[in-house]
There are 4 protein chains.
Amino acid sequence: MSQFNNIGLIGRLHSPAVVETLHRVLACLSLAHEQNTKQSRRQIWVDERISGSLDGVDLGVGQYTTGDIHLLGQQCDLVIVVGGDGSMLSAARVMATYGVPMIGINRGKLGFLTDIAPDQVEASLSQVLAGEYEVSDRFMLSAHVLRNGTEIGRGSGLNDVVLHPGQSARMLAFDITIDGAPAYFARADGLIIATPTGSTAYALSAGGPIMHPSLDAIALVPMNPHNLSSRPLVVSADAELELRIGDDNSTQPIISCDGQEHIVCEPGDQVLIRRHEARLRVLHPLGHHFYQRCRSKLGWQGRASEDG
Amino acid sequence: MSQFNNIGLIGRLHSPAVVETLHRVLACLSLAHEQNTKQSRRQIWVDERISGSLDGVDLGVGQYTTGDIHLLGQQCDLVIVVGGDGSMLSAARVMATYGVPMIGINRGKLGFLTDIAPDQVEASLSQVLAGEYEVSDRFMLSAHVLRNGTEIGRGSGLNDVVLHPGQSARMLAFDITIDGAPAYFARADGLIIATPTGSTAYALSAGGPIMHPSLDAIALVPMNPHNLSSRPLVVSADAELELRIGDDNSTQPIISCDGQEHIVCEPGDQVLIRRHEARLRVLHPLGHHFYQRCRSKLGWQGRASEDG
Amino acid sequence: MSQFNNIGLIGRLHSPAVVETLHRVLACLSLAHEQNTKQSRRQIWVDERISGSLDGVDLGVGQYTTGDIHLLGQQCDLVIVVGGDGSMLSAARVMATYGVPMIGINRGKLGFLTDIAPDQVEASLSQVLAGEYEVSDRFMLSAHVLRNGTEIGRGSGLNDVVLHPGQSARMLAFDITIDGAPAYFARADGLIIATPTGSTAYALSAGGPIMHPSLDAIALVPMNPHNLSSRPLVVSADAELELRIGDDNSTQPIISCDGQEHIVCEPGDQVLIRRHEARLRVLHPLGHHFYQRCRSKLGWQGRASEDG
Amino acid sequence: MSQFNNIGLIGRLHSPAVVETLHRVLACLSLAHEQNTKQSRRQIWVDERISGSLDGVDLGVGQYTTGDIHLLGQQCDLVIVVGGDGSMLSAARVMATYGVPMIGINRGKLGFLTDIAPDQVEASLSQVLAGEYEVSDRFMLSAHVLRNGTEIGRGSGLNDVVLHPGQSARMLAFDITIDGAPAYFARADGLIIATPTGSTAYALSAGGPIMHPSLDAIALVPMNPHNLSSRPLVVSADAELELRIGDDNSTQPIISCDGQEHIVCEPGDQVLIRRHEARLRVLHPLGHHFYQRCRSKLGWQGRASEDG
């Protein structure tokens, strides 16, 4: 009997391809359901935002229950996301706080997190349900914005916390203090603070290094820095970062988490960024290889001997 | 009474400025010596390669003993290096194996390791001898070159292990396996594998990130990679790296450790690179700040508010 | 007698330092005026936006006339700007259309265009008025935004034309056609199209090359491109560039000229960018060296022999 | 009747794939020969280094003549190269001096110059022989090495002139003077001076910009510069560059042209680099697109609309 008795289902909205894959997932879970013994109490929970797209799917005996994402977080012991890394990030920030592991089925572009191809749904899910999978724990970042010492906003990010100029394209001035020591003073278009998970996303476009997902480290990557000798900086994941937005900025810069949550800042605001207390657990099919994904997703070449 | 009873002295050769500073160091140690009680048994050991430059220095009671660098490693509980990071690197690979902590006095150019200015010799050394200092432990890398399974050379590096083409400027082809997984297959001018200590040295020129010295991580930085989507990669310091030199290279590439030890390779050779069992302990004056050093050495700007 | 009989004066607003320098400039021009023969008809024209700051300056015989920047363009045969490159850029876009040469006195930060230091006002201006100067002609870019074939906005830039995402931090998708050939298809934070003059400004922060001011070339520099193999591209200054903003962008991207003029775009808009018919003429004191400015402004090191 | 009456044939040595394609080229030329009228005097000249590989090819009436590459340069009005860009570069430096246009058939890896695929030999050659082709003129660089004012070596490059450290991996110190003005003083692994043709080759790996082949410009790209604010520099193709190798280098650096011709230098040597008086003419099939080649060779993505 599988260890996963309550399985949640989340998908990117407004995508026929996602709906098609959701159907396959449901059919697969339903079939597995029937093959269970009578003692089975597997329950399927569907995110209410996508349940309308699934009408008419006959799941046999059990059917499914709908609810909002927090109900899924409370009830499920596994959540399956169908979509791209964007859908995964959005669900991850919730599931991490409930400690629910996730699986990603790729219907999007890049897919470092969503690493199951849609045509491998049945094979991969049956493996995972049978307990055959690899676990990858990912830490997240939390960001707290303080104005005159009072918190005016907070967010969390599995990939990154980004400072960017918001409405204008003017360079920002900001300071960074790391573990209490003044570190980095910059004029730049912004700053990306990335986890290893985020190191293959936006931070990579801005010149940051690739960090192995298991690394306990954070990368600080300035965007288009005015000072030509600025370089990406990698510090411990336990570092306490304090970003202070320069007083003489004429704009309202924005702190974005995973490019999805946004906090509007003002000159003089402080942003405290540190490792989030919650971690996300991602399940991968056996034989998942981070570097293989780098090669295929990032366009690295094949073996040296194949280059000739 | 100081905890350091046997102090070694090493310096860059053929440099009048270094000799001048060595005199100040000796005078300072000698003075400290006299101020010790009768129970003091502080002994000063001077690297035989520089002792000739020190003739005529009157150290009072104790004088000093000369010997080779390994004798210093065996006898001393602190070694002072006067020179640049090059002198420090050279001594560090020996002292790490004897577990002897080091202090660096800067008479060279960059000085991330040699962080005491020559005019602060007395103030800094008396602090350190009085037990007031900060400790920074640095891990090192070991490299073993195998040909048909047999080791043909080995080396160690505090900064980096570098693969480069040696006599020609032809691109090299090589594979990298990390913890048994095929990772990176490249055609490039070479590859820099750097510790956090080395991340502010050669690896930085080649586009690698700056890593905080306390980080347990290794950076792999390809040099002028043919594949434009290659990027620096940061992995755990516990990772086991295996570099295989492509069979179709027409040259004899070289593995260099800290730019000082060299092993000539051949196509097909394997290079195993991992964390060295020995660590180097560096002592710094109190108030030593890594980021401050970055700002002054790398040309980062001052406070955001000063930029206007 | 000088060839410059009508001299305009423009300055950055709200800056006491600029006002102080403007006084020195006026005093210097007034003195030169008195030394002229009776035939002299030198007239001084002051930008009306700064004339209020100059009250109480006694220019002796001639005094000065105030007017808007276009009057200065029509009447003057030399315009002096006191401020930073920002002030210079703003005036340059007007003066280029009137064919009036400019001189820049630096009270700002970088100063590739404003290359006279405030304490050299008298020496430099008297040289220039005496006809001793170097001429540097700079081409500009024009940008025309078309929506369904109709022009909805236009602008010009001495430094650059920049596509950026405006209110959001979402990546943009866009195509570029060069001289009718499809060239570059990108997802990125934006694109900088820079003249040689602009190559040491924003484009440099984004990884573009430095181009000598005399070069007839345009650089296209993608900002944080999603595709890791994207690189800056340099084409002839006569190239006709057409940028098409992808249909599926969910935001209203902005075209900015010199960071000062802005046109709000929509998905599907076309932006035609080409060399502007007008050129800006900048006068420099004799001995002006572009590379010397690079060294001092960009932090390049001194002679190789000084590095040891 | 074709304008090309004397056609030379050059190929990469020791490559069965090249021999196969050479046979197809000969057959194609022979057939075209037969179809000519009696007035035709088309003569085929084969590089003596590859003629041995072509035994047994029956070219009908005319057969072919063998000779060294200089004879081909003197006799031919078109030379066809079968191989990679390396073969093309090697032949180009000779043919440019004889003013003979070239065509490249790709049996190698990259192929910015050799842009005819082997399976399009017949279609492309018949087009070209019929006078339907595009012309691309490429300028080259010449390098002269002077020691104490006396020339000790010279070379020419279609792609680039490269300064590199030769036997060691030590950083080099060097100065650059451009048109008599001190420009660039660097400590680096070396320097690449590239034509537009070479801008998509080695210089691109070192971070240089892509330059359109028609641009009259030269890029100077430092390799792994010690100074983090060094950047690629683009100057006029008419610029006179003088590179001086620092006196305190402990090694014998090397000047390489196209990675094929090498001159061993010593500290203090001067290297004069300027546009070569000869130009290479490359013929391309109609519809040849530089940017299309960038997209396919460099891994740029497709249309913005395809990225979603």
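What follows is calculated from the coordinates using simple rules that are stated; it is not laboratory data. All of these numbers come straight from a predicted model, not from anything done at the bench. Backbone-built Cβ (ideal geometry, glycine too); neighbour counts: all protein chains shown.
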Rg to Rh ratio, region A:140-277, alpha-carbon atoms and Kirkwood radius? 0.92
If you place +1 on the Cβ of every Lys and Arg and -1 on the Cβ of every Asp and Glu, how big does the dipole about the Cα centre of chain A come out, in debye to the nearest 20? 300 debye
Cα convex hull volume per residue for the protein assembly as shown, in Å³, equals 238 Å³
Peptide C:173-179 - average C-beta neighbours from other chains (10 Å radius): 3
Using the per-residue mean of other Cβ atoms lying within 10 Å as a proxy for protection, in what order, highest first, do the peptides A:190-201, A:284-295 fall? A:190-201, A:284-295
Name the residue, out of A:207, A:86, A:73, whose mean-square fluctuation peaks in a Gaussian network model built on chain A with Cα pairs under 10 Å. A:207
How large is log10 I(q)/I(0) at q = 0.18 Å⁻¹ when the Debye formula is applied to the Cα atoms of region B:130-212, each weighted equally and without solvent? -0.96
Taking the mean number of other Cβ atoms within 10 Å as a proxy for protection, how do you rank B:248-254, A:160-166, D:19-25 from highest to lowest? A:160-166, D:19-25, B:248-254
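Of the beta bridges DSSP finds with both residues in region C:82-167, what % are antiparallel, to the nearest 5? Please report the intermediate quantities before stating the final value.
Working: 7 of 10 bridges.
Bridges in region C:82-167 are about 70 percent antiparallel.
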Using a basic spin-label model with each label point 7 Å from the Cα along Cα→Cβ, how many nm lie between residue C:154 and residue A:97? 5.4 nm
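Taking only C-alpha pairs under 8 Å that are 6+ residues apart, what is the relative contact order of chain A in percent? Don't skip to the answer; put the middle values down first.
Values: 683 pairs, mean separation 55.7, N = 308.
Across chain A, relative contact order equals 18 percent.
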Calculate how many DSSP beta bridges within the protein assembly as shown are antiparallel, expressed in % of all such bridges and rounded to the nearest 5. 70 percent
Using a Gaussian network for chain D with springs between C-alpha atoms less than 10 Å apart, which of these wobbles most: D:31, D:125, D:78? D:31
Taking beta carbons within 10 Å but only from partner chains, what does the mean come to for residues B:180-188? 5
In order through region B:256-261: 3J(HN,Hα) via Karplus (6.51 cos²θ - 1.76 cosθ + 1.60), integer Hz, x for Gly, Pro: 10, 10, 6, x, 10, 10
Mean residue ellipticity at 222 nm from the helices of chain C, using -39,500 (n - 2.57) per DSSP H segment of n ≥ 4 over the full residue count, to the nearest 500 deg cm²/dmol? -6500 deg cm²/dmol
Cut-off 10 angstrom, C-alpha nodes, Gaussian network model of chain D. Which of D:142, D:236, D:30 fluctuates the most? D:236
Fraction of antiparallel bridges per DSSP, chain A only, in percent to nearest 5: 75 percent
When you look at the Cβ of every residue in A:288-297, what mean number of other chain Cβ atoms sits within 10 Å? 3
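Report the convex hull volume per residue for chain D, counting only C-alpha atoms, in Å³.
Numbers: hull volume 46.9 nm³, N = 308.
Value for chain D: 152 Å³ per residue.
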